[in-house]
Amino acid sequence: MAIDFEPMTGRYFTLNSGGSEYRIYMEEAGIGIPLLCLHTAGSDARQFRHILADPDITSRFRVIAFDLPWHGKSNPPKGFRDSDYKLTVTGYKQIISDVCFALDLHSPVVMGCSMGGRIVCHLALENPEYFRAMIALEGADKLEPYYNLDWLHRPDVHGGEIQAAFVSSQIAPMSPDEYRWETLWHYMQGGPGVFKGDLHFYWLDGDFDERSPQINTKACPVYLMSGEYDCSCTPERTLETASRIKGSKVTIMQGMGHFPMSENPALFKTYLMPILSEIANIPA
Amino acid sequence: MIDKMLSRVNADARLVHRGRWVNLTFVLGIGNDDYLISIVAGKITAIRRRHLATDTGEFSIRASTKSWAKHWQAVPPRDYHDIFAMLPKQIAKIDGRLEPLMQNLQYFKDVIAKMRTEEGDTNGH
């Protein structure tokens, strides 16, 4: 019986970034406009498997999804045991820029979710000429922490279990059970302290609401998309962000939570395709 | 009404198994009423209405009667669909010794959500 392989291919490469060397895992599929996908805090690029396998998207876009260092199948740097992982605005921007350079991407679209949705706005602010467009999924320029991050990394609480239990609150009740639990499984597999280290950026280091009005959306269009049931990057926070980023386009996805591409891929596609079509018509 | 939590939880063998390390009493506050929910090895052994000030539990989870009614709807509205969506909106409040709650968070969320019915529960308790 012939195997029905999925269309994406996975490869490893070495990335030099910020003075460290990382073994990075990436998957890609398709040809055309580069569409770089950034996963959420504490998870990995498996969240984008439905995008990578969708011929309606890969016929026009070269979809690339990579695991950040410390996540998924990408390694932490040598000597990682000697420090606690903590993602910063500066370090996160550097890694994405270095990946774009290493892969020689020209005029890419970047679609990030959650912390990925926050960093794309930083990138749009600083280098609007380079990027074709930004899609911020569940991304806001100002957020408020609502639990103590120390719960995520301590010996008397199972890190994988607590991470999944926390983020399950951010999935819409009507999302298919199969995909809800696949999304949570990724959280159950994160390395010790990695989700906590990501949330340092997401909650404590990533606010940029004072600089949002400076984003030039004529040079780099910004699309904000958030789920109705997202209790972290709420629709209200997304709408507030959109009001500060002049010219941005905002979509509130009804019946969706914080993980559109993995918790309800079919519903997400109905929201995403018109935006991708619009982006495909933007001159490089 | 709250009594049905006992029978529903104990009839769910998988949920009881996930809570097999849980041995404690916690307080579920519904409006002005507190209920002491006692658990042994994942099974609820008793649900008692609190009468004495000295009756307490390891931790408490409280919300208004109307808020729990929304939480227990078959398809809850946003902000009411999960205890950890209710907390940041200050719809629910947790207090006490949180370690056992955090060690078994999905279990406790599922225990409380057992009050959810296909028809929804508009009475709260």
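Do we have A:Phe13 as under 18 Å from the mean Cα position of the chain (by Cα), under 18 Å from A:Cys100 (Cβ atoms), of a type in the set (Phe, Trp, Tyr) and modelled with pLDDT of 95 or more here? Taking the combined requirement at face value, the residue does not satisfy it. The residue pairs whose first member lies in the stretch A:146-174 and is at the interface with chain B (Cβ under 7 Å from one of its Cβ atoms), whose second member is surrounded by fewer than 23 Cβ atoms within 10 Å (Cβ to Cβ) and acidic (Asp, Glu), and whose beta carbons are closer than 7 Å, counting only pairs six or more residues apart or on different chains, are A:Asp156/B:Glu99. Scanning the stretch A:16-45 for residues that are crowded, with 21+ Cβ neighbours inside 10 Å and either outside any strand (DSSP E or B) or modelled with pLDDT under 95 (or both) returns A:Gly30, A:His39, A:Thr40, A:Ala41, A:Gly42, A:Ser43, A:Asp44, A:Ala45.
Taken together, the residues in the stretch A:240-252 that are away from every other protein chain (no Cβ under 14 Å), without any contact (Cβ under 8 Å) to a residue 60 or more places away in the chain and surrounded by fewer than 22 Cβ atoms within 10 Å (Cβ to Cβ) amount to 7. Is one or more of the residues making up the stretch A:127-142 over 30 Å from A:Pro283 (Cα atoms) and at pLDDT below 95? Checking the stretch A:127-142: at least one residue is over 30 Å from A:Pro283 (Cα atoms) and at pLDDT below 95. Which of the residues spanning the stretch B:43-87 are among the basic types (Lys, Arg), under 17 Å from B:Ile2 (Cβ atoms) and within 14 Å of chain A (Cβ to nearest Cβ)? Matches in the stretch B:43-87: B:Lys70 only.
When the residues of the stretch B:49-72 are filtered to those that are in contact with a strand residue (DSSP E or B) (Cβ under 6 Å, 6 or more places away or on another chain) and among the small types (Gly, Ala, Ser), the one that is farthest from B:Phe84 (Cα to Cα) is B:Gly57.
Please verify whether the stretch A:89-96 includes one or more residues that are over 15 Å from the mean Cα position of the chain (by Cα) and of a type in the set (D, E, K, R). There is no residue in the stretch A:89-96 that is over 15 Å from the mean Cα position of the chain (by Cα) and of a type in the set (D, E, K, R). Filtered by the rule that a residue be over 19 Å from A:Ala172 (Cα atoms) and more than 7 Å from chain A (Cβ to nearest Cβ), the stretch B:95-107 gives B:Asp95, B:Gly96, B:Arg97, B:Leu98, B:Pro100, B:Leu101, B:Asn104. Can you find, within the stretch A:46-61, the residue that is nearest to A:Ser107 (Cα to Cα) among those that are in a loop (DSSP other than H, G, I, E, B) and in contact (Cβ under 8 Å) with a residue 40 or more places away in the chain? The extreme case among them is A:Arg60. In this structure, does A:Ala140 turn out to be within 14 Å of another protein chain (Cβ to nearest Cβ), in contact (Cβ under 8 Å) with a residue 24 or more places away in the chain and under 28 Å from A:Ile215 (Cα atoms)? So A:Ala140 passes the test.
Return yes when B:Ala92 is under 15 Å from B:Met115 (Cβ atoms), within 14 Å of another protein chain (Cβ to nearest Cβ), touching a Gly at 6+ places or on another chain (Cβ under 6 Å) and not polar (S, T, N, Q) and no when it is not. For B:Ala92, the condition - under 15 Å from B:Met115 (Cβ atoms), within 14 Å of another protein chain (Cβ to nearest Cβ), touching a Gly at 6+ places or on another chain (Cβ under 6 Å) and not polar (S, T, N, Q) - is not met.
Consider A:Glu6 carefully, then state whether it is assigned to a loop (DSSP other than H, G, I, E, B), at pLDDT 95 or above and within 27 Å of A:Ser168 (Cβ to Cβ). Here the answer is yes, as A:Glu6 does meet what is asked. Within the stretch A:62-96, being touching a residue at least 60 places away in the same chain (Cβ under 8 Å), of a type in the set (A, V, I, L, M, F, W, C) and assigned to a helix (DSSP H, G or I) holds for A:Val89, A:Ile95, A:Ile96.
Assess whether B:Asp12 counts as being surrounded by fewer than 19 Cβ atoms within 10 Å (Cβ to Cβ), under 13 Å from the mean Cα position of the chain (by Cα) and not hydrophobic (A, V, I, L, M, F, W, C). So B:Asp12 fails the test.
Here's the yes/no breakdown for (1) over 15 Å from A:Arg118 (Cα atoms); (2) polar (S, T, N, Q); (3) within 17 Å of the chain's Cα centre (by Cα):
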site	(1), (2), (3)
A:Gly206	no, no, yes
A:Arg211	no, no, no
A:Asn216	yes, yes, no
A:Met225	no, no, yes
A:Thr238	no, yes, yes
A:Arg244	no, no, no
A:His258	no, no, yes
A:Met261	yes, no, yes
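In the condition set (1) more than 12 Å from the chain's Cα centre (by Cα); (2) exposed (fewer than 14 other Cβ atoms within 10 Å of the Cβ), B:Arg50 is compliant with all but (2). State whether the residues of the stretch B:20-36 include one that is over 17 Å from B:Lys4 (Cα atoms), free of Cβ contacts under 8 Å to residues at least 24 places away in the same chain and within 14 Å of chain A (Cβ to nearest Cβ). Scanning the stretch B:20-36 turns up at least one residue that is over 17 Å from B:Lys4 (Cα atoms), free of Cβ contacts under 8 Å to residues at least 24 places away in the same chain and within 14 Å of chain A (Cβ to nearest Cβ).
Restricting attention to the stretch B:71-93, the residues being over 18 Å from B:Phe108 (Cα atoms) and either in contact with a Leu (Cβ under 8 Å, 6 or more places away or on another chain) or β-branched (Val, Ile, Thr) (or both) number 1.
The values are calculated or read from the model by the stated rules, or taken from the named source; none is laboratory data. This is a predicted model, so every value here is computed, not measured. Cβ sites come from the backbone with ideal geometry, for glycine too, and all protein chains shown count toward neighbours.
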